[in-house]
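Asker: Submitted below is the structure of interest, expressed as structure tokens.
The values are calculated or read from the model by the stated rules, or taken from the named source; none is laboratory data. Since we're looking at a predicted model, the values are computed, not measured. For neighbour counting, all protein chains shown are included, and Cβ atoms are generated from backbone atoms with ideal geometry for every residue, glycine included.
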Amino acid sequence: MSIGQAQRNSFEERIKRIGTNAPNTMGEVHIGPRDEKTARKGKSTNTVRLKNKKKKVRVGEGSNLVLVPVAVIIGGLSVFAGKAAAFHFFQDGGLMPIEIPVVAIQPYIIYAHLLIAGLLALMFTWTFGLKGMMRKLAVAIGFGAMLFGEIQMIEKFPETYANFFSKDYVAAALKSRA
């Protein structure tokens, strides 16, 4: 490749200047901020900016301010679903009654709702990524609050409980409260 004559001449001039330690006469170098009036009129000269990539948020990542109330609700809903499942599996009048073939298991059926609710709470905790002591404690608090506060929930929402369980279940629960 050949270099054009103009390029060759400018290159030779630069080499001579460098050899004689002469100052740069090709252009002016300004150091410091621009003139105020000029800066207000024009755009910023640095128009090429690096764009930040948005961080993908995974399930379970977030502040405790949001996830702790969600964890309390998950604990409460686990107990509600566990009691509903145990009612429909093991009580008379349930939708899908299961016959227990072993008589030795019969006395422990009263704890079936705790087993089902515990498994649901563990599954929800794992699914929603509720890691950390505060979030697990919040699930346990919701679990306990629903276990011991179910009567108050039945008093407040009797139609909802009648839809999920039966009217007899709601009547018996309200009668035991009185």
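Asker: Could you list, in sequence order, the residues of the range 133-154 that are in contact with a helix residue (DSSP H, G or I) (Cβ under 8 Å, 6 or more places away or on another chain), within 13 Å of LYS83 (Cβ to Cβ) and either of a type in the set (A, V, I, L, M, F, W, C) or surrounded by 19 or more Cβ atoms within 10 Å (Cβ to Cβ) (or both)?
Answerer: PHE143, MET146, LEU147, ILE151, MET153, ILE154
Asker: Limited to the range 140-158, what total is found for residues that are of a type in the set (D, E, K, R) and in contact (Cβ under 8 Å) with a residue 24 or more places away in the chain?
Answerer: Summing the residues that are of a type in the set (D, E, K, R) and in contact (Cβ under 8 Å) with a residue 24 or more places away in the chain in the range 140-158 gives 1.
Asker: Looking at LEU174, LEU119, LEU95, LEU147, can you tell me which residue is under 30 Å from ARG58 (Cα atoms) and hydrophobic (A, V, I, L, M, F, W, C)?
Answerer: LEU119
Asker: Taking the criterion of being more than 22 Å from TRP126 (Cβ to Cβ), at pLDDT below 65 and surrounded by 10 or more Cβ atoms within 10 Å (Cβ to Cβ), would at least one residue in the range 37-59 satisfy it?
Answerer: Checking the range 37-59: at least one residue is more than 22 Å from TRP126 (Cβ to Cβ), at pLDDT below 65 and surrounded by 10 or more Cβ atoms within 10 Å (Cβ to Cβ).
Asker: While we're looking at this one, here's another question. What number of residues within the range 154-175 satisfy the criterion of being aromatic (Phe, Trp, Tyr), over 14 Å from GLN91 (Cα atoms) and either in contact with a Gly (Cβ under 9 Å, 6 or more places away or on another chain) or in a helix (DSSP H, G or I) (or both)?
Answerer: Going through the range 154-175 one residue at a time, the tally reaches 1.
Asker: From the list LEU120, LEU130, LEU114, exactly one residue is surrounded by 15 or more Cβ atoms within 10 Å (Cβ to Cβ), under 23 Å from the mean Cα position of the chain (by Cα) and part of a helix (DSSP H, G or I). Which is it?
Answerer: Being surrounded by 15 or more Cβ atoms within 10 Å (Cβ to Cβ), under 23 Å from the mean Cα position of the chain (by Cα) and part of a helix (DSSP H, G or I) holds for just one of LEU120, LEU130, LEU114, which is LEU120.
Asker: Kindly evaluate VAL139 against the criterion of being modelled with pLDDT of 90 or more and over 31 Å from the mean Cα position of the chain (by Cα).
Answerer: For VAL139, the condition - modelled with pLDDT of 90 or more and over 31 Å from the mean Cα position of the chain (by Cα) - is not met.
Asker: Quick check, is SER10 surrounded by 10 or more Cβ atoms within 10 Å (Cβ to Cβ), modelled with pLDDT of 80 or more, over 30 Å from LEU137 (Cα atoms) and of a type in the set (Gly, Ala, Ser)?
Answerer: yes
Asker: In addition: Determine which single condition PHE89 fails, assuming it passes every other condition in (1) of a type in the set (Phe, Trp, Tyr); (2) within 22 Å of LEU174 (Cβ to Cβ); (3) surrounded by 12 or more Cβ atoms within 10 Å (Cβ to Cβ).
Answerer: It fails just one condition, (2).
Asker: Still on this model: Checking the condition closer than 25 Å to ARG58 by Cβ and assigned to a helix (DSSP H, G or I), which residue from VAL79, VAL70 passes?
Answerer: Every option except VAL70 fails the conditions.
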